[in-house]
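Notes follow the structure.
The values are calculated or read from the model by the stated rules, or taken from the named source; none is laboratory data. Please read these numbers as outputs of a predicted model, since none were measured by experiment. All Cβ positions, glycine included, derive from the backbone under ideal geometry; neighbour counts span all protein chains shown.
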Amino acid sequence: MEATEYPIEHFELVTKIARQLKALSIQILVHEYHYESFGSWWFTFRRLGEKYRLLFDGKDSVLRLEVKTGATKNQGVFLTKWEDVASEAIAIQSSPTVDQVLALIQRIAV
């Protein structure tokens, strides 16, 4: 695959995820993608008033779900505190599938 195709593939994946999350009443709030960091990405979302963050670590091929537990102020900067909820190893040199993402998120949707 050419380098210019990776971001396209990523945003197609996120579009599919967003459509599936809508059915679970989950709203994506923020999203970031980093091609130069092994294709790592994350997004935060809200479900029933709580905020969560889903991260894909492209270097270690790990998908991780975290819940916001609070925030602190350090030298005038607010820092969000996150606590691990669940994680899953993904096949090396592969992006997670929509099904893998949804399975992790559905652990909190019960």
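Below, the figures for the structure above:
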read-out	value
Residue count, region 16-33 (criterion: within 24 Å of Lys59 (Cβ to Cβ) and over 12 Å from the mean Cα position of the chain (by Cα))	1
Flag if Ala3 is farther than 20 Å from Ala103 by Cα and either over 11 Å from the mean Cα position of the chain (by Cα) or outside any loop (DSSP other than H, G, I, E, B) (or both)	yes
Residue check, Glu36 acidic (Asp, Glu) and in contact with a Phe, Trp or Tyr (Cβ under 9 Å, 6 or more places away or on another chain)	no
Residue match in region 20-32 (condition: at pLDDT below 95, hydroxyl-bearing (Ser, Thr, Tyr) and under 27 Å from Met1 (Cβ atoms))	no
Any hit, region 45-56, residues being modelled with pLDDT under 95, surrounded by 14 or more Cβ atoms within 10 Å (Cβ to Cβ) and under 18 Å from Glu9 (Cβ atoms)	no
Flag for Glu36 being charged (D, E, K, R), within 13 Å of the chain's Cα centre (by Cα) and not in a helix (DSSP H, G or I)	no
Qualifying residues in region 69-95 (those that are on the phi > 0 side of the Ramachandran plot and outside any strand (DSSP E or B)) - the one modelled with the lowest pLDDT	Gln93
Qualifying residue in region 96-110 (condition: part of a strand (DSSP E or B), touching a residue at least 40 places away in the same chain (Cβ under 8 Å) and β-branched (Val, Ile, Thr))	no
Residue check, Glu66 charged (D, E, K, R), surrounded by 12 or more Cβ atoms within 10 Å (Cβ to Cβ) and at pLDDT 95 or above	yes
Residue in region 73-81 that is surrounded by 16 or more Cβ atoms within 10 Å (Cβ to Cβ) and closer than 20 Å to Leu29 by Cα present	no
Residue within region 7-26 that is assigned to a helix (DSSP H, G or I), in contact (Cβ under 8 Å) with a residue 60 or more places away in the chain, surrounded by 10 or more Cβ atoms within 10 Å (Cβ to Cβ) and touching a strand residue (DSSP E or B) at 6+ places or on another chain (Cβ under 6 Å) present	yes
